[in-house]
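**Q** Quick one: the structure is below, questions incoming.
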Amino acid sequence: MRRFIDSHLASSQVARVVYGAIVGLALVVALETHPPTPGAMVATLLGTGLAVGLAEVYSETLGAEVRTRRRMDRAHRRALYADTLAVAFGIGFPAVFFVLAAAGAVEVDTAFDLAKWSGLGLIALYGFLAARLSGASLTAALVKGGAVASIGAFLIVLKSLVH
């Protein structure tokens, strides 16, 4: 497990998971006011992850081929697919809480709360880890984690002000 975590933290997938988590968090926050059924939330999150992932594969492939004037090689495509899966994972992860709600294990409101705060926590954790791994002090890493968490907090606060 330690090897997997070290490998993940050294990859470009970290940025992709964070990007996906922000998209997923925005979606959860936007739909919370008039919540669909838990099953519809699962489908919406997973469908959005798929759509954004496919858009990323298409746009990155197109950009690389236009830039280099040749087809993308297999190694580059494999790396792109791994990054795309990381984005889709970040977007789709909150679906777990809505599966639990659909199964009756938690209330729908609880699923929304868990989805929001776990997304915010994930964003903050990656910010903290990035700072620590780049040599920042514990205090500086906490500040950086808090600063990037403010992105998610902004979405949550904005939603509460608008509705």
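**Q** Inside the range 1-22, can you point out the residues that are aliphatic (A, V, I, L, M) and surrounded by 11 or more Cβ atoms within 10 Å (Cβ to Cβ)? First the steps, then the outcome.
**A** Here is the first cut: in the range 1-22, the residues aliphatic (A, V, I, L, M) are 1, 5, 9-10, 14-15, 17-18, 21-22.
Correct list: 9, 14, 15, 17, 18, 21, 22.
**Q** If residue 155 satisfies every condition in (1) surrounded by fewer than 16 Cβ atoms within 10 Å (Cβ to Cβ); (2) under 21 Å from residue 49 (Cβ atoms) but one, which is the exception?
**A** Residue 155 satisfies all of (1) surrounded by fewer than 16 Cβ atoms within 10 Å (Cβ to Cβ); (2) under 21 Å from residue 49 (Cβ atoms) except (1).
**Q** So, in the range 45-78, how many residues would count as being among the aliphatic types (A, V, I, L, M), farther than 30 Å from residue 99 by Cβ and either in contact (Cβ under 8 Å) with a residue 12 or more places away in the chain or surrounded by 12 or more Cβ atoms within 10 Å (Cβ to Cβ) (or both)?
**A** Selection size over the range 45-78: 2.
**Q** How many residues are surrounded by 20 or more Cβ atoms within 10 Å (Cβ to Cβ) and among the hydrophobic types (A, V, I, L, M, F, W, C) if we restrict to the range 113-147?
**A** Final tally of qualifying residues: 7.
**Q** Go through the range 96-126 residue by residue and tally those that are small (Gly, Ala, Ser) and under 13 Å from the mean Cα position of the chain (by Cα).
**A** 5
**Q** Could we say that residue 123 is within 28 Å of residue 146 (Cα to Cα), out of contact with any Cys (no Cβ under 8 Å at 6 or more places or on another chain), among the β-branched types (Val, Ile, Thr) and at pLDDT below 95 here?
**A** Yes; evaluated as a whole, the condition is true for this residue.
**Q** Could you please let me know if residue 158 is assigned to a helix (DSSP H, G or I) and in contact with an Asp or Glu (Cβ under 6 Å, 6 or more places away or on another chain)? Walk me through how you get there before you give the answer.
**A** Details: assigned to a helix (DSSP H, G or I): yes; in contact with an Asp or Glu (Cβ under 6 Å, 6 or more places away or on another chain): no.
No, not satisfied.
**Q** So is residue 33 surrounded by fewer than 12 Cβ atoms within 10 Å (Cβ to Cβ), closer than 30 Å to residue 109 by Cα, in contact (Cβ under 8 Å) with a residue 60 or more places away in the chain and not aliphatic (A, V, I, L, M) or not?
**A** Values: surrounded by fewer than 12 Cβ atoms within 10 Å (Cβ to Cβ): yes; closer than 30 Å to residue 109 by Cα: yes; in contact (Cβ under 8 Å) with a residue 60 or more places away in the chain: yes; not aliphatic (A, V, I, L, M): yes.
Here the answer is yes, as residue 33 does meet what is asked.
**Q** Sticking with this one: Just the residues that are among the polar types (S, T, N, Q) and under 15 Å from residue 18 (Cα atoms), please, taken from the range 99-154.
**A** 118, 150
**Q** Moving on to the next point. Quick check on residue 44: is it modelled with pLDDT of 95 or more, within 20 Å of the chain's Cα centre (by Cα) and among the hydroxyl-bearing types (Ser, Thr, Tyr)?
**A** The answer is yes for residue 44.
The values are calculated or read from the model by the stated rules, or taken from the named source; none is laboratory data. As the structure is a prediction and not an experimental result, all values here were calculated from the model. Positions of Cβ are backbone-derived with ideal geometry, glycine not excepted, and every protein chain shown enters the neighbour counts.
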